Each structure stands twice: as structure tokens, then as C-alpha cells.
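Written out below as C-alpha cells is the structure these notes cover.
The values are calculated or read from the model by the stated rules, or taken from the named source; none is laboratory data. Computed from a predicted structure; not experimentally measured. With ideal geometry, Cβ positions are generated from the backbone for all residues, glycine too; neighbour counts draw on all protein chains shown.
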Amino acid sequence: MSSIHTGEYTQQNKSRKPDAIYLSLRCRNAQVHLNVTVNIHNYADSDILVSQKPPQLVTISDMSYPERTDIPPSVGITSPVTMLPGFQNAWTSRLAKLHLHTIGDLLFFFPRDYQCFANRVELDTLQREETEVSVQGTITEIRGGRTRFGKSILTITLECGETLLTATWFGMPYLKKKYQVHDSVLLSGKAKPKKTGKKWEMTHPRIVLLEQDEQATGGEVLPVYPLTQGLTQATMQRIIRLAVEHYADQLEEVLPESLRTKKGVTSITTAVQHIHCPQSLEEAEASRFRFIYQELLVLQLALALRRWQLAATSKAPELETDARIHARITSRFPFTLTSAQQHVVQEITEDMASSRPMNRLLQGDVGSGKTVVAEYAMLLCVAHQHQAVLMAPTEILAQQHFQTLSRDLEQSRVKIALLTGSMKAAKRKQVLTDVETGEIDLLIGTHSLASDQLNFKSLALVVIDEQHKFGVRQRLAVRKTGLDPHYLVMSATPIPRTIAMGLFADLDISTIRSGPDHQQPVHTYLGTAQQREPWWDFFRKKLREGRQGFVIAAIINQETNAELQSVEKIYQQLQNDVLSDFRIAMLHGQLPAIEKNQTMQRFADHELDVIVATSVVEVGVNVPNASLMTIEDAQQFGLAQLHQFRGRIRRGHHPGYVCVFASPNNPDAVERLEIFVKTLDGFELAEADFKMRGPGDLFGTKQHGLPPLRIADLHRDRLILEQAREDALALIEHDPGLQSLDLIRLRKQVLRRYGKVLDVGDVG
């Protein structure tokens, strides 16, 4: 209800706008400010329009002021970090290097570890050896050196009141760079008295640098954060503590109460407080579990939503098979399918018989026969008068697929075509026309086939080779053409189980572990400096017998890393000395595409004996006559990648030979390479690589298309991942669109993090 107030006029100010007047009235014991808008052109300066019906007359003291819910607080979790109380401008650029821009970013910047400190004591009050104490002091001396056995030793002397404390660390020389004389530090450990004077000593104590004039209390569990230059742990702890104290209560709860009760976790506010400022390690771990579970649940829900959405909104052709079709297809193969291939074919045909689009990942070791299975699926489409397309990561591999399929279908009525970026415009135009009119049954090409200019008459199947070179986004690009085909994506890089659950849970997974019986073995060796000459003697011998080989380097030229062998350097050495009698060429990513394709074609035609290359040969090379490989600086590659390299010489009728050379000063690398030498099982190697190097080296964000995890680790947290997956599937089964009131915030979180990446923005 409108109202009018009476009061004494106090002031009038004309604003910058010509049609606005600001009035201030004093109404008894209160003052009100009114903005009154008038049209100066239509009314006199003193004329103000009022309602024809007089409003109710009230006084200020009688008015109630309902709380405004539409006005956000002036500072909140979305505000810049600069709005924190006591914030120093010097911190801004340093926090930005850690991608910390808002207060919310700080709240979710989780500790990587914790340091536990015993209760602080004054050192000069100690009368005997204590179990665990924390002492604060000022560094007076820092000395570094080595023991008689060559192990590094660092000694720091602290002045603690009138008492001296000597702290010693072995094998930790990097600590010398972190601390300086006059620094105030907190040490925690077992203190032992020295025999003479007021002196004590600690061995391998925990140490924390304190801010100027900062007093440590001890008895604390201190978070340890990832840092960048210019930020100390104490500063980071202080900044995040401020964010927690002032803004943790503004966080929106994502997990419904029923789920929190089921999992036994606290509210998001309490969890943020306890993960950054825990009173005990148990309290910190409980909070870590809550956020790990939440992150993995959101990921699993996103993938489950994607599966549900595709099933609910897409309809694919129903392509049933029978004995007659099966016999016609298998008669095209010059061999009998292995039992593993037959099993996968059964899974694929069951999928393609449904109107629900198949979304299947076929993983298999190098040379296991995945392409034959894909060919079967494509011919099933043709049998039902539909089209299929196969997308490869390189033109060379696309050409090889085209040649293989052309050979298998030589006497059939199936029409097959190749479409690549290097084709002449006229020929390319003709292929595009034939695809659109249905004249072409099978189309082979690169990922450029996902472009908008490609239109099929009746596309029923998309096969994507080398899945880890494409990723989620490329699969979506084809879907956005408005078609609803079945999808079969293949990977020659075996995927660890937790990776499959975590990043490819929107796909059904088929696996071929064993290869054909006729597949030749590959002998792998870990070479030393003394074995180089005998290895190259053997290499030359096999080349004279007619074989071909690869030499793999980690970098293109020495400018990148002077300590590593480059393609250019190795090429010159081999050409001028070791392999001077043979035909050699270089291959790396900086070469023009035409030159790279020509080089690989010459190698495939045996016009070259050896290729010196970078990792560009990881995929897309099929030269059966190649049976030799030398890998320099093998410590620079992951096990999965090394296995991919080895797969290049496992495709012919001759045994393969690989020798890897690595830096002997890297014991961790030598340990990894010994695993590589011992087994040809790509799945075993993938699990080992995942355990030792993490998921980023196998399927980084560029490959799977998903944002990195903040706190969860797919290997470490595999049990929590399984819980999250079960709970996500149960939630989607109960409420497919996450539309119920208690799941709205969780749904919002899923869409905010994964909506654009997985194209699940329109669910429900």
C-alpha cells in the first residue's frame, strides 16, 4: 500500500539529470531521503504528481522495513580476494599464479598436507628428555655439508631465550634455500639435551617459518598449501584463515541432508572450517573425505546425466544381425575372429540392435585386432542400407584404414571413400556430394570429418580410432550435426579401471586383452652406455637383412633442453657415422603436414630404412616391415607412451627388438623402465603408469575434455570413487533429471562444472 509522509523540508538538490530532484525531510525523530523524479519540461519546478487517491498517512516510526533478499552482500565468496580484511596488494599477483582470484577460490584451495606440532614449551624450562615438544626461536646459524658417506647434512642453530637448539636434517639440502639467519621458526620434534651448557638438539624436526612478530602456540595441526614464489606457508595460512572466518558461512550446501546423513559427513561450512583450521588430523581427514566424495559424486552425476540424456533424447537406427548377415561379414576377413573379438562383436551387435544409441569404448592392446571389430560394425550398417564413418587421428592412419578396407571389400558392392584435408578441392567436393546422396557407404578420414559441411544421407555409426587423441569434445562435435548415430570409440592405450570409471563412465567399455595367435613377440632391453655399440651392430645387421627401424627422441632440438638428445642431433650422428650406409629421414611436429605425410609414405614404401622421430609416431604408423626401435632419453616418456612406441614394430611377420636408453642418475625412471622391459601387457603397464605418474600423463584434460579434479585422486581415492558411482547411479535412477527439491543445488553444481563440457545443460 502506498503512503505519504509529512515532514519539514530541509534541502533540495538537483541531480545531474535534469528530470530528478533529491528531497530530504525530517519527520519527527527520524529523517527520510526521497528521490522524486519529475519531468521539468511538463511541470513547474515545484509541481510534483501524486496519486489522485490520497495515500494513507503514516509516520516514520509506524513503518516496518522488510528485509531485502534481492540485494547481495557487498562482499561475498564471489568477490575478489582484494576485498578480504587486511589484504595486501602485493598478494594479488602471487595468488593469481595459483588461479586464486575470488574469496571462493581461497575457500576451495585445499591443503596438500598437514603438519602436527606438539604443545609449545620454553626450552630452558626442560629438565629432561621429552617425547614431543614444540619450540619457537630465531635462527642464528645455517650450515650445510656432507657426511663421510656423501650424504647431505644441514644444521640450523636456534636461539630460544637463553638456550641454544641445534636441528639437523640428512638428505634434505633444499631446506637451506628456504630459511635465513634471523628468521623466526617453530620446530617440533624430540628434544635431547647436549652434554655441555644450555644446549639441546633435534634430528629431522618439523619446521615452520613464522611471520614477523608472530607467536606460535604449538599444539596445532597446520595446513600445508601449494605455494608460488613470494608466498610463504604462514602467509597463505593467514589469507585462507581470514576467508574462512569471514565467509565460510556464505557457502551453499550442495549435498542433500539425506545423503550427508548416509555418508556421515558434516555441512559444507563446517567441512571448510575443519579442512583449513582443524583441531586434529581426524577432523581434517573427515572434511577431506566429504570434499573428495562430493567432487567424485558431481563427476559421476555429470557422466550419468549425459548417458541418460542421450538415451532419452536420441534415437538411432535399429540394426539387428542374424546368421546370414554374420556369415556374409566374416567371409570378408582372411582369418577367423579370436574368441575375444567374437565376444566384443556380440556386445556391439546387441547395442546396435537397440534404438538407444550405442556409446561404447573398445580398448585393446596394440595389435589386438580392434580394427577388425570396427569393420564388422561398419559392414553391419551397410547390410541395413545405412552409412558408417571412421575417423583417425592422422592422414597416414586414415589412408592405411582405407587401404585395408578397400582390400577386404575388393569384390563387394560396398562403396568406400577417403576424405582428407590434403585432397584437391574438386575431388573433395565430389566426395562430399556422394556422401550426401548416399552413393558412399563407408567414409574414412581424419577428425576434420566432424565439420559442419559434411552431411550424410543416413549415418548409422561413427567409429573413432585412437580415442585418447580425440576426446569428449570431438565426439560431441559430430552429434551436433543433428544426427543420432551409434558410437564406437577405440583406444590402443589400455585404460586403468579407475580412469575408466572416473573419466569415461558415460561409455560402455569392451576390452580385448589378447592378440592374434600369429602375432610376433617384441624383445625389449634396457641399454647401458657399455651396450650402445653392440646394440647398433645388431641394428645394422637387421637393416641389412631388409628390416626397417625407428629412433625416438624426446625433443626436436637442443635449444629445448641441452641435457637431452634431440632429433636433429641424433639424425646428424647417425647419418654421418653409425648408419651412414642407410637411408635416413627426420620426422617431428614442426615439419609441414605435407612433408610429414611424404616421409611416412616413403617409409611405408621402403624407400627409407630408418626414421628419426619424436612422439609423432606414437599413433598413425603401420609399417609391417619395421621391427627395430631405439628410444633415447626414455625417462622422459610414460610407460603407456613407450608401449605405444613399441606397438609400431609389432605389426609384421618378424620379431621386434626395442632398446631403451635412459639417464642412469634417475633411479625412479630406471625402476619404471624395468617394468616396461619385463612385460608386453599394455594393461599392466597402464596400471603401473597410472600409479606412478597419475592420470594426467595418460589422459590429460586436453584428451578427455574434463576439468582437473581439485582434491580427489582417481588412484588414491578409488574406493570413494566406487561409492560415488553407486550413489550417482541410484540418484539418476530415482530422479533422472535431478529435479526434486532436495537435489536442485546438486544439479546446479553438476551443470556449473560440467554442463558445457559434456553438453548436459538441458536435462529434465
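For the criterion of being under 34 Å from the mean Cα position of the chain (by Cα) and either more than 25 Å from LEU319 (Cβ to Cβ) or not assigned by TED's automatic domain parsing to the domain that holds ARG646 (or both), VAL414 fails.
Contact map, the range 633-650: residues that are without any contact (Cβ under 8 Å) to a residue 12 or more places away in the chain and assigned by TED's automatic domain parsing to the domain that holds ALA553 paired with residues that are part of a helix (DSSP H, G or I) and of a type in the set (Gly, Ala, Ser), Cβ distance under 8 Å, separation 6+ or inter-chain. No pairs are found.
The condition of being exposed (fewer than 12 other Cβ atoms within 10 Å of the Cβ), hydrophobic (A, V, I, L, M, F, W, C) and over 22 Å from HIS274 (Cα atoms) holds for PHE149. Checking LEU432, LEU443 one by one, the residue that is part of a strand (DSSP E or B) and either among the basic types (Lys, Arg) or within 37 Å of the chain's Cα centre (by Cα) (or both) is LEU443 and no other.
Among residues that are more than 25 Å from GLN346 (Cα to Cα) and touching a Cys at 6+ places or on another chain (Cβ under 9 Å), GLY527 is included.
Of the residues THR394, THR420, THR404, the single one that is of a type in the set (Val, Ile, Thr), more than 18 Å from THR330 (Cα to Cα), free of Cβ contacts under 8 Å to residues at least 40 places away in the same chain and out of contact with any Phe, Trp or Tyr (no Cβ under 7 Å at 6 or more places or on another chain) is THR420.
Under the condition of being of a type in the set (Phe, Trp, Tyr) and crowded, with 18+ Cβ neighbours inside 10 Å, the residues counted in the range 310-344 number 0. Scanning the range 141-157 for residues that are of a type outside the set (Gly, Ala, Ser) and not in a loop (DSSP other than H, G, I, E, B) gives GLU141, ILE142, ARG143, ARG146, ILE153, LEU154, THR155, ILE156, THR157. Does ILE555 fit the bill of being in contact with a Ser or Thr (Cβ under 7 Å, 6 or more places away or on another chain), under 21 Å from ARG648 (Cα atoms) and at pLDDT 85 or above? When the stated conditions are applied, ILE555 passes them.
Being aliphatic (A, V, I, L, M), at pLDDT below 90 and crowded, with 20+ Cβ neighbours inside 10 Å is the filter; apply it to the range 739-762 and report the residue that is farthest from PRO708 (Cα to Cα). Among those residues, the one meeting the criterion is VAL760. Only residues that are of a type outside the set (Lys, Arg) and not in a strand (DSSP E or B) were counted in the range 163-195, giving 11.
For THR269, the stated conditions do not hold, so it cannot be described as surrounded by fewer than 21 Cβ atoms within 10 Å (Cβ to Cβ) and touching a strand residue (DSSP E or B) at 6+ places or on another chain (Cβ under 6 Å). With ALA712, ALA728 as the choices, which residue is assigned to a helix (DSSP H, G or I) and at pLDDT 80 or above? Only one candidate qualifies: ALA728.
Residues that are in a helix (DSSP H, G or I), over 36 Å from the mean Cα position of the chain (by Cα) and charged (D, E, K, R) within the range 306-341 comprise ARG324, ARG328, listed in sequence order.
Taken over the range 342-393, the criterion of being in a strand (DSSP E or B) and over 20 Å from LEU507 (Cα atoms) is satisfied by GLN387 alone.
Just one of the listed residues (ILE495, ILE499, ILE512) is modelled with pLDDT under 90 and in contact with a Pro (Cβ under 7 Å, 6 or more places away or on another chain), and it is ILE499. Among the candidates GLY656, GLY682, the residue that is in contact with a helix residue (DSSP H, G or I) (Cβ under 9 Å, 6 or more places away or on another chain), of a type outside the set (Phe, Trp, Tyr), modelled with pLDDT of 85 or more and within 27 Å of LEU397 (Cα to Cα) is uniquely GLY656.
Among the residues of the range 561-572, those identified as among the polar types (S, T, N, Q) and within 18 Å of ALA662 (Cβ to Cβ) are ASN561, GLN565, SER566. State whether one or more residues within the range 99-122 are in a loop (DSSP other than H, G, I, E, B), among the hydroxyl-bearing types (Ser, Thr, Tyr) and at pLDDT 85 or above. Among the residues of the range 99-122, not one is in a loop (DSSP other than H, G, I, E, B), among the hydroxyl-bearing types (Ser, Thr, Tyr) and at pLDDT 85 or above, which makes the answer no.
Residue count for the range 572-598 under the criterion of being touching a residue at least 24 places away in the same chain (Cβ under 8 Å) and not in a helix (DSSP H, G or I): the result is 11. Could you please let me know if THR232 is within 28 Å of the chain's Cα centre (by Cα), surrounded by fewer than 19 Cβ atoms within 10 Å (Cβ to Cβ), more than 30 Å from SER458 (Cβ to Cβ) and modelled with pLDDT of 95 or more? No: the conditions fail for THR232.
With respect to LEU719, is the statement that it is in a loop (DSSP other than H, G, I, E, B) and farther than 20 Å from PHE109 by Cβ true? So LEU719 fails the test. In this entry, LEU608 passes the filter for residues that are part of a loop (DSSP other than H, G, I, E, B), surrounded by 15 or more Cβ atoms within 10 Å (Cβ to Cβ) and modelled with pLDDT of 85 or more.
Only residues that are under 23 Å from ALA118 (Cβ atoms), free of Cβ contacts under 8 Å to residues at least 24 places away in the same chain and hydroxyl-bearing (Ser, Thr, Tyr) were counted across the range 268-282, and they come to 0.
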